[in-house]
Structure formats: C-alpha cells, structure tokens
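Report on the structure given below.
The values are calculated or read from the model by the stated rules, or taken from the named source; none is laboratory data. Being a predicted model, the structure only gives us computed values, none of them experimental. Here the Cβ positions follow ideal geometry from the backbone for every residue, glycine too, while neighbour counts run over all protein chains shown. These area figures cover heavy atoms from the full protein model, side chains too; ligands, DNA and RNA do not enter into them. Shrake-Rupley method; radii C 1.70, N 1.55, O 1.52, S 1.80 Å.
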Amino acid sequence: MISMIRMRLGGFVWTARAVPPLAAGLVALVVLHGRAGAEATEAYGVSAVVLFPILAWQTKLLLDTEPDTQRRLVVVAAGRRAEFVGGLLAAGLVGLALVPVALAVPWLVGGVAVPDRPGEVGTGLAIGLWAHLLALPAAVGLGALASRAAVTRPLYGVMILICGVAGTFVFGLEESVVPWLAPPVLAVARASTAGPTGTEFALLTGHALLWSALVIAGYVGLRQRRA
Amino acid sequence: MWQSPLVRLDRVWLRYRYRGPWILRDVELELGPGRSAVVLGHEGVGKSTLLQLVAGVLRPTRGTVRDRPATIGWVPERFPADQPHTVHRYLTAMGSIRGLSGSDLVATVDDWMERLDLEPYRDVRLSALPRETAQKVGLAQALLQPPDLLILDEPWEGFDEATRELIPELIEEVREDGGAVLVSDHRGETDRLPDAEQWTIADGLVSVVFPTAAEGAEAEGVSVIELAVPTFRVAGVVADLRAAGHQVLRVRSVDPSAETTGPAAEAVETEETPTVGSADAAAGAPGEVPAGTTGRAAAAGSAPAVGATSPTHAVPAGSAGARGVDPGAAGSGAPGTAGESAPRAGGPARAGTPAGPTGADATTPPGPSSVTGAAPGAGVASRAGG
C-alpha cells in the first residue's frame, strides 16, 4: 500500500500537477486574509470554505495523473480494493499537507489579529484544524467521484466537480431547506465564527463524515463498473 | 491426467454500457495449470476484452470468472509509457506493490532488467523510451513475481525481434512452473506456440479448438477445403482463416470462361460430395458458385470444434468439400492437391505459413480468385461467401 501511495504521489509531483492547486490555494488564502485582522476562528472557517473546491480539484488531478492502463496494471498486481484505497489515501495525504499551510498563512499575511489572551490562539487553531479536517474527506470524495476512473467522459468529471462545489455553497446557505444534501462546509464556517457548541460539534462532524462516506461509496460503486 | 482449472469462465457475458452491444456472449472457458492458449480473431473482436476479463481488470456483466489465481501477470497491448517514473524506479515500485521487498526486490528487478536488456535505460523516464523498449518494461513488470497466470495481449505486436524470440521461452518457463499462459494474436503468429490451445472469437462468441493444433494435426491429419470467394473479399477471407489459425495454402484466380463448362459442375459436386485425396477437384472452376471463384482451406481431422454456439463449424476430414492431406505437406504449402489448370493468382501468399493478413493483398489480382488453405485445427471457420 505504501509503495502504491508513494508511486501515485511521485507521479503527481514529478508531472508538476501538484503545482496548480497549491498555487491556487496560496493565492486564495493570501488574497482572502491579507491584512484582514480577523479572529482566528472566523479566519479558519473561511479558509476551510475556500480550500474545499481546491482540495476536490487537487484530488481529481491526482487520481487522473495515472494513465488508465497503469491503474489497471495496479489492479491486477494488488487487487481492485487496494488500488482504489491507495488512490484515496494518496489524495487524503496530499490534502492533509495543505492543512498546515492553510493554518499558517493567515498569521503570515496579517489575516489574524493577535488575541489578547494567549489561550485563544490554541482554541482558534483547534477549531481551524477541525474545520479543515471536516472539509478534507468531503473534498476527497467529491474529487474522486469526478475522477476519470469513475466517470465515462471527461466532461462528466468536470460537471460533477463544478456542480458539487456549487451545490455545497448553495445548499449550505443558512436559509437552505436541504442543508443535508451538501457537506457542511458553510455550516462549519458559521459555527467556527460563533464558537461551536458541543452539540453543533457532534452534529456537524457526523454530517460531514456521513456525507463523505456516501460520496466515497458512490465512487466505489462506479469503480466496480469501470476498470 | 486431468488437472483442475486454474481459471474458469462460467457463462460470461460482457458489454461496456447498458443496452450496448454484447462484446462477449455466453463464454465458457477454462485454462488449466501448465497450459497455454492463444486467443484468435480480428482486431477489435474482443480479444483484449476477454484477456482483461480473465485478468480481473474487467468484471463480467453476467456470469462469473472463478478460480482466478493469486498472482497474475498482465502485459497490455500498449504499455502506458506516459509516466514520469524512470525504468528502475517504476519496476521497483511495481515489484513492491506485488509484495517483493529488500534484497529480493533489488535482485529481481536487476535480473529482469538485464534479461530484457533494459539496463541501458535504467534511469531513463518511461515517457522518453522508444515504444518497443517501453513495452519490454510492461513485460518485466508482469514477470517480477512468477505468475500463476501470464496474460500477454498481442505480444508479437509491440516488441523488438529479440524479445519476440524470447517470448515462447518465457511462456515455457511459466508453464514449467505450473502456471498458465493466455495470449492474444491477430497477426497469425500462432506457430510460435505450437502446442497452445486455440480459442477463436467471432461475433462475441468464443470457440475452443480441441485438441491443440499440433496434436490434432498429428493425430487426425490435415484436410483441404475449397472455398468460393468473391475476389473483392479474398483478402478478408484469407485474414479470417489465418486469424482462426488455419493455413491458407494458396490464392488463385479462376478463368471466368470456365464458369459454364464442365469443371464447374465438378467443383460444385466437390462441395457436396466428399472427394478425399482428389487432386483435380481444386482445378474446378466455380461454375454455378455465384462468387465466381473457388478456393480451398484445409481443416484437420474429425475432432469437432468445442463450443457449439460458435459460428464456426467443424469439417471432419473426408466430409463435403474437404480432402485429407499430409500434415507436413500442408504445413509446407505443398499439399499435392493444388489445382494446376487454373491460372495462378500471383502464387501462394506464404502458403502454409500463418503470415499476416496483408499477405493476401499482395497476391490477389483483380478478377476472380480462389483461396486454398490448410487448417491443422480440429474445426474450420468457413465463412467463404458469407
């Protein structure tokens, strides 16, 4: 499994496909937080929202890096389940690598006002980490669902990605009557800003994980049909 | 002694999309340990699909593939060279994915790189490799762990000559270790694997020719079948026959003026009445055969084609239109039964040798032609005029 993940990550980096989402993420964070001077919890909630489409796009790029026939060779060598678990783990690791960057950038560009009490820094970082970690599996699931391995035509992949991101933002609005249709990225941002209660924390975590699980199950289902 | 199958396809159907055309229909096959089989058929007929089904890359729409072995080596028709890895790094990664590690991994990768002459390309990126060299990397990755089942998709298509010569040796090594080998071939190179079973695909149906060609020819002899073929279809029919593993002995044109004369009736009679060993039947003009041409293809003895659902049909030696010949003579392209009275159509196209289908194009002049072929298999696909 480790060699499979390493091979995928190597291909992703050596083909320079890792650069566009990284650059886009950095630009978005800098523009968003530059001299904003907001509270850490609010800044991180917004970061997670901005990073969600970038993480999904990054996942699609990573999974699309490997030629189809190479993916099939790995299926023959290691088994179908190991192949797609390896792909998802590789995408998760690459996404995870962006989280510390997203947590650090607001501080570097003056996006976060230095709190009066030192304990608020730790709280802000913890809530920020929670917000990003909830966005990650949903973004990986959406990106996987849009990857070439899951869809029959490249256009379908792009449409899934665009509609998924748009749906996340539209259905995630506070006035939405069907917020459960989308991952709770906006809801987590709102909760982060206000400071999440224990119930909110549990409900939003459960919602995000359930949504991610369903999307990944959809990906697995599509992969069962396609080689 | 019968050995249990290494892999078995039970009533397998496959299509790529809902309501799409069936690529494979009701396929029942099995391949035992130590055996090899060649899948024959046109380009695009479903050979690679069948191989990928057996490899586990594709899942059947209906039916099941059972008893698939744990270690399968699959060499695709085109190795995916569009990757940034160097040869050594790629093979090391694939070896590791296959479960090799430590000194075993290093030694195995080095061994295969040396054996396949990949050492000079050790640190070259796959995307920078010549196509034939990249294909050898594909072969190496399939053999890093001794496979229980080796699947080679058109192995005579993308390799250099040295590797093409090496492939039968590699296949033999896998078989000696108790593994099975499945090969696809549309170039008519089955003579490189003389004891392999032959599976033919046409219209989604797979027929298995039993016994193997060599055994069949030795045990039952070879027969010659005359076929009447419209001239414009000669190349296609020759290609069909060769793809099905039969030997096309010669292609000759027929004097159109003879169509209304006596030999025509003789030729027609030959189609209906066994004329075993007759030499003059081949001279018969097509006469009432609408195509205006005649031809012969040879089929081996009496073993019927396995797989009744196939569009092919078995032609036992001595049955209508078939004449037994000496296997050796048929193989050499000199069956001793060729009709000499009809004008030659540029001579036989590598008669008796399963050359590429293009061989017929070069030897087929405009105008009526006939096809004469020898088939050492147990069944003959006879679609002349069809």
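Key figures for this structure:
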| read-out | value |
| --- | --- |
| Leading residue by the ranking (nearest to residue B:55 (Cα to Cα)) among those in the stretch A:73-97 that are within 14 Å of another protein chain (Cβ to nearest Cβ), part of a helix (DSSP H, G or I) and touching a Gly at 6+ places or on another chain (Cβ under 9 Å) | A:76 |
| The stretch B:81-92 - residue that is open to solvent by 20 Å² or more (accessible area, probe 1.4 Å) and assigned to a helix (DSSP H, G or I) and, of those, farthest from the other protein chains (Cβ to nearest Cβ) | B:88 |
| Spans of strands (runs of 3 or more DSSP E) in the stretch B:1-69 with at least 2 residues in contact with an Asp or Glu (Cβ under 9 Å, 6 or more places away or on another chain) and among the acidic types (Asp, Glu) | B:24-31 |
| Residue match in the stretch B:42-56 (condition: open to solvent by 20 Å² or more (accessible area, probe 1.4 Å) and within 14 Å of another protein chain (Cβ to nearest Cβ)) | yes |
| Residue ID - nearest to the other protein chains (Cβ to nearest Cβ), chosen from residues in the stretch A:195-216 that are in contact with a Gly (Cβ under 9 Å, 6 or more places away or on another chain) and small (Gly, Ala, Ser) | A:213 |
| Hits in the stretch B:57-82 - residues which are under 21 Å from residue B:198 (Cα atoms) and either under 22 Å from the mean Cα position of the chain (by Cα) or of a type in the set (A, V, I, L, M, F, W, C) (or both) | B:65, B:72, B:73, B:74, B:75, B:76, B:77 |
| Number of positions in the stretch A:104-148 that are crowded, with 19+ Cβ neighbours inside 10 Å and either part of a helix (DSSP H, G or I) or among the aromatic types (Phe, Trp, Tyr) (or both) | 20 |
| Among (1) closer than 17 Å to residue A:123 by Cα; (2) within 14 Å of chain B (Cβ to nearest Cβ), the one test that residue A:223 misses | (1) |
| Out of A:157, A:143, A:87, A:79, sole residue that is under 30 Å from residue A:196 (Cα atoms) and either touching a Pro at 6+ places or on another chain (Cβ under 7 Å) or of a type outside the set (Asp, Glu) (or both) | A:143 |
| Only one of A:193, A:205, A:168 that is among the polar types (S, T, N, Q), crowded, with 17+ Cβ neighbours inside 10 Å and closer than 24 Å to residue A:94 by Cα | A:168 |
| Scope the stretch B:21-41; condition hydroxyl-bearing (Ser, Thr, Tyr) and within 14 Å of another protein chain (Cβ to nearest Cβ); matching residues | none |
| Index of the failed condition, residue B:18 passing every other in (1) within 14 Å of another protein chain (Cβ to nearest Cβ); (2) under 20 Å from residue B:75 (Cβ atoms) | (2) |
| Residues satisfying the stated conditions in the stretch A:17-50, i.e. part of a loop (DSSP other than H, G, I, E, B) and open to solvent by 50 Å² or more (accessible area, probe 1.4 Å) | A:17, A:35, A:36, A:39 |
| Any hit, the stretch A:55-65, residues being more than 14 Å from chain B (Cβ to nearest Cβ), over 27 Å from residue B:134 (Cα atoms), among the small types (Gly, Ala, Ser) and free of Cβ contacts under 8 Å to residues at least 60 places away in the same chain | no |
| Residue tally, condition part of a helix (DSSP H, G or I) and over 25 Å from residue A:25 (Cβ atoms), over the stretch A:59-72 | 5 |
| Residues located in the stretch B:97-109, provided they are within 10 Å of chain A (Cβ to nearest Cβ) and open to solvent by 40 Å² or more (accessible area, probe 1.4 Å) | B:99, B:101 |
| Members of the stretch A:2-16 found to be β-branched (Val, Ile, Thr) and either at the interface with chain B (Cβ under 9 Å from one of its Cβ atoms) or open to solvent by 70 Å² or more (accessible area, probe 1.4 Å) (or both), listed by number | A:2, A:13, A:15 |
| Residues of the stretch B:110-123 that turn out to be touching a helix residue (DSSP H, G or I) at 6+ places or on another chain (Cβ under 6 Å) and open to solvent by 10 Å² or more (accessible area, probe 1.4 Å), as a count | 4 |
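Quick grid of which residues meet (1) modelled with pLDDT under 90; (2) in contact with a strand residue (DSSP E or B) (Cβ under 8 Å, 6 or more places away or on another chain); (3) closer than 27 Å to residue A:217 by Cβ:
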position	(1), (2), (3)
A:79	yes, no, yes
A:109	yes, no, no
A:138	no, no, yes
A:141	no, no, yes
A:149	yes, no, yes
